[in-house]
Structures are given as structure tokens and as C-alpha cells.
Amino acid sequence: MLTKKQYELLVFIDRKLKDTGISPSFDEMKDALGLASKSGIHRLISGLEERGFIRRLAHRARALEVLRLPDNAPGAAANVSGFSPNVIKGEFKISGASQNSAEKSSGAASEAVELPLYGRIAAGTPIEAMRDPSNTLSIPPSMLGSGEHYALEVDGDSMIEAGIHDGDTVIIRHGENADNGAIVVAIVDNEEVTLKRLRRKGHSIALEPANKDYETRIFGPDRVKVQGQLVGLIRKY
């Protein structure tokens, strides 16, 4: 599952390699995607590499190899600008995810609660969380506290040292505030959603992985919005 920009970059790199046999430069990629700086290209390439779509060739500058394309690449390649994924917006609302006190007091607490399941979230380089509103997940009420909740599937291994593995399902209490040091769903620059540990450092916000192979990313406070805090985890064996 790729973001729109990751998809566009992958298709552009693949076209360039097929046409010329040479990887495009970072400036060419930046111009092709309409980005203001090359830092965004570095981030997109890291995300594509992490998900196994491309590989950087050792000892060769600018050398990239496309390992695979998404299933929808042939049709979308003809009109990349028409690719429009359905994504969770920054101020999404959760419905049907909580129980009132009357339900709990009447014995409904012993019944499962249906939570909305919002696709896969990156526990590596951030991605846009894909949303399928038809999917729900049954959760024991004992896993939930007060407030509204939703579930996300984890994609990646950057939180593995916190016990969160690729393919796990995390239970998130929806809210815009979180404790310092808590694991949160955060949206970066209103378009990229990630699962990371939140650290406030002065006027900056750090999104910290739990894997030594990944780097902590630091942002200004206006670039990060908390979408909820981790309260539970489900793993299938």
C-alpha cells in the first residue's frame, strides 16, 4: 500500500529506467513530482525501499532498481495524476465505537464491541492510512476505557522493540492529546500517518521509533497532529 506520491515516484523511476536505462536524478524526481525540495524525495525513496518496491545498488551513485510494481500500476501508469486514494483525513470522526453507561450497567459489557478498522498504518516510514469504512473489528469491552476507539493494522517493523510487529492490530483511543512518551497515531504535514512514540522537546516534537535501524524524526509543533493513543494490541498466530 503506497501513498499517492510514493506511487507517482515509483512509476516515474520505472519509466525512466525503461526509457534510458539510467536512474533519474533527485532533481528530476523532485521536478516530476512538483516537490519544493529533495528532502521529500529522500523520504519517499526510503519508504519504497522499506516496502520492497525498489533497491539501491551499492557502490553506484543514483543507482536504483525497481523490484516490483503495485497490481494497479499498468492502468495507473498511463494517468498517474488520476490516482486518488481514499485516505483518513486529519479531522476524521469515529462513530459507533463507544458504549454508554446504561449499556454497561445492563450487562452489555460482556458482549463484543465493534470498532471501525481503518486499514494499515506504517510502523516504519509514514504512509497515508487507507480507510475501508465497511471493515470492523470485534473487541472485548475489557480492552477499552472511556472515549471513542478505532483499530489499525500495522505495516512495518519500526516499533518491534516495543512489542509491535508487522501485521499486528493496534487499538487506538481517539483524541488530539497524548502523554509524553506515549505511542500515538500522528499525522505529519496533514498527509502522512504513522505510529510512533511521542517525545516533546522544547518547542519541537520527536516521533521516535522502537527499532535501532530507524531514525527519530523531529518536527515543529505545527507539523504534527495527534490522532489517538495506543491502548491495546491484537496479534494473530
### Message
Take the conditions modelled with pLDDT of 85 or more, more than 13 Å from Ala162 (Cα to Cα) and over 15 Å from the mean Cα position of the chain (by Cα) and apply them to Ile234. Does it pass?
### Response
yes
### Message
So in region 177-228, with the set limited to residues that are out of contact with any helix residue (DSSP H, G or I) (no Cβ under 8 Å at 6 or more places or on another chain) and among the acidic types (Asp, Glu), which one is least open to solvent (accessible area, probe 1.4 Å)?
### Response
Glu192
### Query
What about Ile121, is it under 30 Å from Gly52 (Cα atoms) and modelled with pLDDT of 85 or more?
no
### Message
Can you confirm whether Ile172 is in contact (Cβ under 8 Å) with a residue 60 or more places away in the chain, within 22 Å of Pro209 (Cβ to Cβ) and open to solvent by less than 60 Å² (accessible area, probe 1.4 Å)?
### Response
no
### Which listed residue is under 23 Å from Val193 (Cβ atoms) and at pLDDT below 85, from Glu103, Glu91
Glu91
### Summary
Within region 167-223, the count of residues that are in a strand (DSSP E or B), of a type in the set (Val, Ile, Thr) and within 16 Å of Arg43 (Cα to Cα) comes to 5
### Query
Just wondering, is there one or more residues in region 70-85 that are part of a loop (DSSP other than H, G, I, E, B), open to solvent by less than 70 Å² (accessible area, probe 1.4 Å) and modelled with pLDDT under 65?
yes
### Query
List pairs: first in region 135-147 and over 14 Å from Gly228 (Cβ atoms), second assigned to a helix (DSSP H, G or I) and open to solvent by less than 70 Å² (accessible area, probe 1.4 Å), Cβ under 6 Å, 6+ apart or cross-chain?
Pro141/Ala109
### Query
Is it true that some residue in region 148-161 is more than 15 Å from Tyr118 (Cβ to Cβ), in a loop (DSSP other than H, G, I, E, B) and among the β-branched types (Val, Ile, Thr)?
no
### Query
Of all residues in region 136-169, which are touching a Pro at 6+ places or on another chain (Cβ under 7 Å) and surrounded by fewer than 19 Cβ atoms within 10 Å (Cβ to Cβ)?
Thr136
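The values are calculated or read from the model by the stated rules, or taken from the named source; none is laboratory data. None of the values given here were measured: they were computed from a predicted structure. With ideal geometry, Cβ positions are generated from the backbone for all residues, glycine too; neighbour counts draw on all protein chains shown. For the accessible areas, the whole protein counts, side chains as well, though only heavy atoms, and no ligand, DNA or RNA atoms are used. Shrake-Rupley method; radii C 1.70, N 1.55, O 1.52, S 1.80 Å.
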